[in-house]
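The values are calculated or read from the model by the stated rules, or taken from the named source; none is laboratory data. If you're wondering where the values come from, they're calculated on a predicted model, not measured in any experiment. Positions of Cβ are backbone-derived with ideal geometry, glycine not excepted, and every protein chain shown enters the neighbour counts. Just so you know, the surface numbers come from the protein's heavy atoms only, side chains and all, with ligands and any DNA or RNA stripped out. Shrake-Rupley method; radii C 1.70, N 1.55, O 1.52, S 1.80 Å.
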Amino acid sequence: MPDRAANMPIVQEGIPFVAAGGGATALAWLVGAPIPAGLLCALTLFTGWFFRNPARTVPQVPRAVVSPGDGRVVGIEEEYEPRYLKDRAIRISIFLNVFDVHVNRIPCAGTVEQVAYQPGRFLAANNPGATVHNEQNALMIQAVDGRKVLCAQVAGLIARRIVCWAAPGERVACGERFGLIRFGSRVDLFVPLGTELKVALRDRVKGGETLVGVLPA
């Protein structure tokens, strides 16, 4: 899959928001309203920062599974995943607050088997029920050894827009960008039983850079 955002300081989806804020700032300044112009300028700068798209160093580890997003690990559970995997797996839930980078990364090298959108509710992203009930987009990846890894972009209380650039059949590299969620969200990562976990509850992680696990040999 071409990494469409590789050389952009902010992702394409953020450009209209930044442009609109910049235009409103300029207009307020031109009509002689310095205080509103200052507030609009600050909002525009924050918007550009929110959509930032930093480069990341992907760990060169065989069978690596990296974090699909920036944030904090809020859940690690072994459970049955009934919708896509239809099997038991380890779920690693990562909460992204509004200050985190919201570009999502491919967790492991392989081929995209399925991309499935599920409409739903907008519970707070740190609510355990968000895994099942919230609006989300699920990305099923068949790793190079045939194992299945599921990554779900989950909307939250504020996040109302999920963007996914990946499509079924595409080959993907570990750590490459595949989408984003705005504004404040969660990603759920389901890995096979026997995966050697490298993170713990409450750990801070970086998308595409933090090694969260190693798939079974």
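Taking Val98 as the residue in question, decide whether it is touching a Lys or Arg at 6+ places or on another chain (Cβ under 7 Å) and under 25 Å from Gln153 (Cα atoms). No, not satisfied. Open to solvent by 40 Å² or more (accessible area, probe 1.4 Å) and either of a type in the set (A, V, I, L, M, F, W, C) or not in a loop (DSSP other than H, G, I, E, B) (or both): does that describe Ala166? Spelling it out, it is not the case that Ala166 is open to solvent by 40 Å² or more (accessible area, probe 1.4 Å) and either of a type in the set (A, V, I, L, M, F, W, C) or not in a loop (DSSP other than H, G, I, E, B) (or both). The residue of region 159-200 that is modelled with the highest pLDDT, among those that are more than 15 Å from Lys148 (Cβ to Cβ) and β-branched (Val, Ile, Thr), is Val199. Taking region 71-108 only, how many residues are touching a strand residue (DSSP E or B) at 6+ places or on another chain (Cβ under 7 Å), assigned to a loop (DSSP other than H, G, I, E, B) and either modelled with pLDDT of 95 or more or loosely packed, with under 15 Cβ neighbours inside 10 Å (or both)? So the count comes out to 3. The residue that is nearest to Phe99 (Cα to Cα), among those in region 174-199 that are touching a residue at least 60 places away in the same chain (Cβ under 8 Å) and open to solvent by 50 Å² or more (accessible area, probe 1.4 Å), is Phe183. Do we have Pro68 as open to solvent by 20 Å² or more (accessible area, probe 1.4 Å) and either at pLDDT 95 or above or assigned to a loop (DSSP other than H, G, I, E, B) (or both) here? For Pro68, the condition - open to solvent by 20 Å² or more (accessible area, probe 1.4 Å) and either at pLDDT 95 or above or assigned to a loop (DSSP other than H, G, I, E, B) (or both) - is not met.
Using the structure shown, decide if Gly48 is in a helix (DSSP H, G or I), open to solvent by less than 60 Å² (accessible area, probe 1.4 Å) and modelled with pLDDT of 90 or more. Judged against the criteria, Gly48 is not a match. With respect to Val61, determine if the residue is aliphatic (A, V, I, L, M) and farther than 24 Å from Val115 by Cα. Answer is yes for this residue.
Restricting Leu45, Leu96 to those that are farther than 26 Å from Leu211 by Cβ and out of contact with any helix residue (DSSP H, G or I) (no Cβ under 7 Å at 6 or more places or on another chain) reduces the list to Leu45. The residues on offer are Ala19, Ala55, and the sole one that is open to solvent by 60 Å² or more (accessible area, probe 1.4 Å), among the hydrophobic types (A, V, I, L, M, F, W, C), over 21 Å from Leu215 (Cα atoms) and not in a helix (DSSP H, G or I) is Ala55. When every residue of region 22-43 is checked against the conditions, none turns out to be in a loop (DSSP other than H, G, I, E, B) and open to solvent by less than 10 Å² (accessible area, probe 1.4 Å).
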